[in-house]
Amino acid sequence: SSEGAARPGAPAAEADPSAADLPPPPPLTPEEEAMLAEAVGEPAPAEQRRIETDPPRAPSEASRLPRIGDPAPAAEEEEPPLRRYAQPFENPGRKPLFSILLQDTGGPLLDREALAALPFPVTFVIDPQAPDAATAAGIYRAAGHEVLMLASGLPEGARPADAEVTLESAAAALPEAVGLIDLPAGGFQETRPLSTQVVEILAAQGRGLVTHDHGLNAADQVARREGLPSAVVFRRLDEGEADAASVRRALDRAAFKAAQDGRAMVLGDTRPETLKGLMEWSLEGRADGLALSPATALLR
């Protein structure tokens, strides 16, 4: 009988006759497939078939990978050299600022490693046209000192267009220079059109300007008007054939100027007598009331 026709191995009492009597469930509708796919995070069969059979669509501008010929993405703005290569400096005692610049004179007898080891901040002036300019800058920068590029190479009677070529070349030779310093004599600072062009170029490069305290100094006037960080050298330490004692006296006069104005900048050469006078002056404690500082502390 039908009651004795149970499946082999399964007692009749455990059978579910109601399930056997129901028709098979209908297939899911496309809408139900889409809802199921969304719930499990997989494409619905209909959508999967469309993806497999439809021609590929162009990716959106937001998602596609860059291709050759695409415009380059905007680069993140970098710090200008004036800040990027500035020597860390603090002046908690708010002492008058005193910045010492030394112009690298080159030559086989110049011990740059010894200069780089000076126990106080010194900013080195380098001629970018010197054949070993990059080597000199590397030694001073490795010791943490700042570098200024000398405004050499401008032809006599230079026009504003000449300045662009010269300063681009200088920046390429000394990329870590924080600024430009004019020649002590015969430079651009007395010529207003040329000074205006130099200031514009330095502003574009992100560098400061150092000039000298003589004449009308149109370059410093233009820099201040345009908001370019600038400073003025108060005194040269070793004009002529100054000995160490003369250098010490020049430093004392500059220190007095710093006490009056809150800041002063001096310039000397890397000649033995200048260095001797500078070391004697510092060891005598004449700088105790000053904050010996890199050039960028005054380039504001």
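Observations on the model:
- Leading residue at positive end of dipole, the range 91-297 (Cβ point charges), from 283, 105, 187: 283
- Gain in span if fully extended, residue 172 to residue 288, counting 0.36 nm per residue against the direct Cα distance: 37.9 nm
- Note on residue 260 and residue 110: the extension gain reaches 50.5 nm, defined as 0.36 nm multiplied by sequence separation minus the Cα-Cα distance.
- Projected onto their three principal axes, the Cα atoms of the range 91-297 cover extents of 48, 39, 34 Å, largest first.
- Mean-position separation - Cα centroids, the range 88-115 and the range 237-300, in angstrom: 10
Throughout, read-outs are computed from the coordinates displayed, never taken from laboratory work. Note that this is a predicted model, so its numbers are computed, not measured. Virtual Cβ from ideal backbone geometry, glycine too; neighbours counted across all protein chains shown.
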